[in-house]
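The values are calculated or read from the model by the stated rules, or taken from the named source; none is laboratory data. Remember, predicted model here, so these are calculated numbers, not experimental data. Every residue, glycine among them, receives a Cβ derived from its backbone with ideal geometry; neighbour counts consider all protein chains shown. Side chains are part of the model used for accessible areas, which takes the heavy atoms of the whole protein and leaves out ligands, DNA and RNA. Shrake-Rupley method; radii C 1.70, N 1.55, O 1.52, S 1.80 Å.
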Amino acid sequence: MKFPLYLALRNLLRHPGRNLLYILGVSITAALLLDMTLLSGGIRVSLQRVLKQMGYEIRLSPRGTLPFETDAQINGFSTIQSRVENMPEVDHVDALLGTTIAVNAKGQTFTSFALGAKMQSLISERIAPLPARSVAINQYLAKAKDIHPGQHIQIWFPGNAQALDTIEPQIVRVDRVLSFELDAEGQYTIFFPLQMLQELMGQRQQDPVSVIMVKLKDSTAAPRINEQLNKEFPQITAYTISSVIDAVDKQLSYFKQFAYILGGISLAVTFVLVFIITTISFHDRLGEIALLRAIGLSNRTLFITILFEGILTSLASAVFGFILGRFVADWLDWILKSAPGLPENFSFFVMEPSSFIRAGIVLLATGFFAGLYPASAAARLPVAETLREEIL
Amino acid sequence: MIVEARNVEKVYHQMERPVAALRGISLQVQKGDYIAIVGPSGCGKSTFLHLLGILDTPTSGEVFWHDQPVDSWKEQRRTRLRLEKIGFVFQRFYLLPMLTAEENVELPLREMNVPTSERRTRVRELLAYVNLADRANHLPSQLSGGEMQRIAIARALANKPEFLLADEPTGELDAATGTEVADLFRRFNDDGLTLVVVTHNAELASSAKKMLRMKDGKWE
């Protein structure tokens, strides 16, 4: 193996400029392949990370919907909470209520997301309870509208701009500025204690929430408890982390298909490029290869040498390609993340070592298969005939 | 006897028409022989040399290596025989352009997995033998035609072959360097190496102990 590797390496250095251009060409397809590998699994990995970070094993949303997929609400949260918390495997239950409201601050009227929560784990910094009629706002709202703690703002429910003249505003005090885990970049969010938000919405009686989160004492019990909750509460759908990811995955399957199609194309182009490079290089050296066979280099040595040339071309391209792919992935991620409604720490391209390894193995295999034809042609080269034709 | 061609014929097919390159010729090469084969272009000299060098098989007739018929041998065994026992020199030097003179010479030794230190000693000896010790680290592009052919000759001798086959070794050299190659071959033969040379070069042919003329695939 050492001798063929030596010959293959030296052959690649024979025309350094030309081979560098070849390698850079293949690098572009290698970069695309890596990006598509990252994209195909990125949403799943990123979503899993975000959900795990929140620390709840089970989520309950209105029957047939994903959490926050629609404006549908689950009524009677307190009853559900006490029933679920009675289960011995359950540690505690929390909930979120989300709605759109109209806001007036410093003479400007705009819409904002209102988030009501029973707990504070959605908030980066652990905070003391909010005083009465007080809210917290996120950093994007504070910065964009120049709102400071201590100021008062007017809010309207619902956030229908046409209805502002007919509905009396509520006045609340901004107590503090915070960052929320699930905010999209640039999103305006106002945080309320859950009951306060329900009261301001005039729905305290119905006790509505958008999503209920269940923290278990033992996370391995999640599938069983999930099934039990689905049976016990016909008005809700329960999701474990993996089932919510599967459901989101299904809804975003076009991303995967897009990644697979582009990944497949880049793989095919990589194969064709490496095939062309190794085949041209082989045909350029027919006389030389015939000479090597004549002086006793075995079929095996030459076969492996040319195979190595294909693999090394792919390997070198993978190195350049992965560097390029890394930058392109960051850029594409930035574009995709600017879509509205995505949590700030969500990524479409997650730099997992396993994605790099998977793309690397696929590239090496491509180099291997692309080198097979010229390698076997070299091993089967008719020596005397080739030498005669070379002289003629 | 090292190699024997017994009544060999070789027929090629050009445009689906059979063309006889060799028409039933024989030759016995004994240890210590130095044979030059001469004749007009296209008379079958190189084809015959390829048969003697176990690079090709005859259409009919047989080639023997130390009295063993080699035509039925598997390619792997024939390749090994060429590696260990036969040296080749061609009109075109076929030096690998990305390897230095020294690295070109050591190619057959690497294929034989000769340890590095032994390989380096052998290569140094060979380069000194062909008077190119000072060119060891030069690339082929930095060498003259004569020097390149001498490197190719050193490569052919790397595995201490039993006999050396040369196909028009002076074909791409000027007269003066052709003389150098002729002197070198004479010296090799004096040192005990068996040689068969195909050439148009009268000086090289006359340096051989025996000269054979070929015409239309037969001895004249």
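Observations on the model:
- Condition check for B:Leu143: over 23 Å from A:Thr301 (Cα atoms) and surrounded by 15 or more Cβ atoms within 10 Å (Cβ to Cβ): yes
- For A:Arg59: the one exception among (1) basic (Lys, Arg); (2) surrounded by fewer than 22 Cβ atoms within 10 Å (Cβ to Cβ); (3) touching a helix residue (DSSP H, G or I) at 6+ places or on another chain (Cβ under 9 Å): (2)
- Any hit, region A:377-385, residues being part of a loop (DSSP other than H, G, I, E, B), surrounded by 16 or more Cβ atoms within 10 Å (Cβ to Cβ) and within 14 Å of chain B (Cβ to nearest Cβ): yes
- A single member of A:Ile306, A:Ile289, A:Ile276 is open to solvent by 10 Å² or more (accessible area, probe 1.4 Å) and in the same structural domain as A:Ala375 (by TED's automatic domain parsing), and it is A:Ile276.
- Any chance B:Glu62 is open to solvent by 40 Å² or more (accessible area, probe 1.4 Å), away from chain A (no Cβ under 14 Å) and at pLDDT below 90: no
- All helices (runs of 4 or more DSSP H) inside region B:126-220 with 3 or more residues being out of contact with any Leu (no Cβ under 8 Å at 6 or more places or on another chain) and at pLDDT below 90: B:175-190, B:202-207
- Conditions (1) in contact with a Gly (Cβ under 9 Å, 6 or more places away or on another chain); (2) facing chain A (nearest Cβ under 10 Å); (3) on the phi > 0 side of the Ramachandran plot; (4) at pLDDT 90 or above; number of the one not met by B:Tyr94: (4)
- Unmet criterion (only one of (1) among the small types (Gly, Ala, Ser); (2) in contact (Cβ under 8 Å) with a residue 40 or more places away in the chain; (3) more than 12 Å from chain A (Cβ to nearest Cβ)) for B:Gly87: (3)
- Hits in region B:5-32 - residues which are open to solvent by 10 Å² or more (accessible area, probe 1.4 Å), farther than 21 Å from A:Ala294 by Cβ, more than 14 Å from every other protein chain (Cβ to nearest Cβ) and touching a residue at least 12 places away in the same chain (Cβ under 8 Å): B:Arg6, B:Asn7, B:Glu9, B:Ala20, B:Arg23, B:Gly24, B:Ser26, B:Gln28, B:Gln30, B:Lys31, B:Gly32
- Residue in region A:90-113 that is assigned to a helix (DSSP H, G or I) and not basic (Lys, Arg) present: no
- Filter result for A:Phe303 (within 14 Å of chain B (Cβ to nearest Cβ) and aromatic (Phe, Trp, Tyr)): yes
- Which numbered condition B:Leu127 misses (of (1) touching a residue at least 12 places away in the same chain (Cβ under 8 Å); (2) away from chain A (no Cβ under 14 Å); (3) out of contact with any helix residue (DSSP H, G or I) (no Cβ under 7 Å at 6 or more places or on another chain)): (3)
- Meets criteria (touching a Phe, Trp or Tyr at 6+ places or on another chain (Cβ under 7 Å), β-branched (Val, Ile, Thr), within 18 Å of B:Lys209 (Cα to Cα) and modelled with pLDDT of 90 or more) for B:Val38: no
- Only one of the numbered conditions (1) more than 14 Å from chain B (Cβ to nearest Cβ); (2) touching a residue at least 40 places away in the same chain (Cβ under 8 Å); (3) surrounded by fewer than 19 Cβ atoms within 10 Å (Cβ to Cβ); (4) not β-branched (Val, Ile, Thr) is not met by A:Leu9, and that is (1).
- Top-ranked residue of region B:98-124 - restricted to ones that are more than 14 Å from chain A (Cβ to nearest Cβ) and surrounded by fewer than 17 Cβ atoms within 10 Å (Cβ to Cβ), ranked as nearest to B:Arg80 (Cα to Cα): B:Glu118
- Conditions (1) more than 25 Å from A:Arg300 (Cβ to Cβ); (2) more than 10 Å from chain A (Cβ to nearest Cβ); (3) surrounded by fewer than 16 Cβ atoms within 10 Å (Cβ to Cβ): number failed by B:Gly42: (2)
- Residue check for A:Phe356: away from chain B (no Cβ under 14 Å) and farther than 30 Å from B:Glu84 by Cβ: yes
- Subset tally (residues that are surrounded by fewer than 22 Cβ atoms within 10 Å (Cβ to Cβ) and among the small types (Gly, Ala, Ser)) for region A:365-376: 2
- From the list A:Ala132, A:Ala163, A:Ala72, the one residue that fits, being touching a Ser or Thr at 6+ places or on another chain (Cβ under 9 Å) and at pLDDT below 85, is A:Ala72.
- Of all the numbered requirements in (1) modelled with pLDDT of 90 or more; (2) crowded, with 20+ Cβ neighbours inside 10 Å; (3) assigned to a helix (DSSP H, G or I), A:Arg300 misses one, and that requirement is (2).
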